[in-house]
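Engineer: There's a structure below that I have some questions on.
Read-outs: derived from the displayed coordinates by stated rules, not from any lab. Owing to the predicted nature of the structure, the values given are computational and were not obtained by experimental measurement. All Cβ positions, even for glycine, are placed from backbone atoms using ideal geometry, and neighbour counts span all protein chains on display.
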Amino acid sequence: MIDPEKHKAYWQESAGQDFEAALTLIERDHLRHGLFFLHLAAEKSLKALIAIRKHEVPPYSHNLLLLAQKADLDLDEERE
């Protein structure tokens, strides 16, 4: 059994750092790299959600849809 709060904090802190990096990159007109860091922030936020909801270590994956499904998010077709 994992400590879900500890895992959530780890993923949220990392996601926040990636989000800040993305904003800086986009502000400096480095859109491709900014979008990459936004993807990382979304991925890590989903992993934090998995840790809290499932009480397990999130899967090693960069697939946002897979992570959203693992987090039991009910996404409509547009969001998928």
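Engineer: At most 11 other Cβ atoms within 10 Å plus a DSSP loop assignment makes a site exposed; report the longest stretch of the chain without any exposed trypsin sites (Lys or Arg not before Pro). Write out the running numbers ahead of the final one.
Structural biologist: Working: sites that count: ARG28, ARG79.
The segment 29-78 is the longest one with no such site.
Engineer: Residue by residue through the range 61-66, what is 3J(HN,Hα) from phi via Karplus (6.51 cos²θ - 1.76 cosθ + 1.60, θ = phi - 60°)? Round to whole Hz and write x for glycine and proline.
Structural biologist: My calculation for the range 61-66 gives 7, 9, 7, 5, 5, 4 Hz in order.
Engineer: For the chain, what is the relative contact order in percent, using Cα pairs closer than 8 Å and at least 6 residues apart in sequence? Kindly include the intermediate steps, with their values, before the conclusion.
Structural biologist: Details: 92 pairs, mean separation 25.9, N = 80.
Rounded, it is 32 percent for the chain.
Engineer: Could I have the simple spin-label model distance between SER61 and ALA9, label points 7 Å from Cα toward Cβ, reported in nm to one decimal?
Structural biologist: Computed distance between label sites SER61 and ALA9 equals 2.8 nm.
Engineer: Go ahead and estimate [θ] at 222 nm for the chain from helices alone: -39,500 (n - 2.57) per DSSP H run with n ≥ 4, summed, over the residue count, rounded to 500. Could the numbers behind the result be given before it?
Structural biologist: Details: 3 runs with 55 residues, N = 80.
Value at 222 nm, helices only, nearest 500: -23500 deg cm²/dmol.
Engineer: While we're here: Relative to the longest principal axis of the chain, what angle (0 to 90°, nearest 10) does the C-alpha long axis of helix 31-54 take?
Structural biologist: 10 degrees
Engineer: Which entry in (i) 24, 16, 8; (ii) 23, 13, 10; (iii) 21, 17, 9 is this structure's computed semi-axes √(5λ) of the Cα gyration tensor in Å?
Structural biologist: (i)
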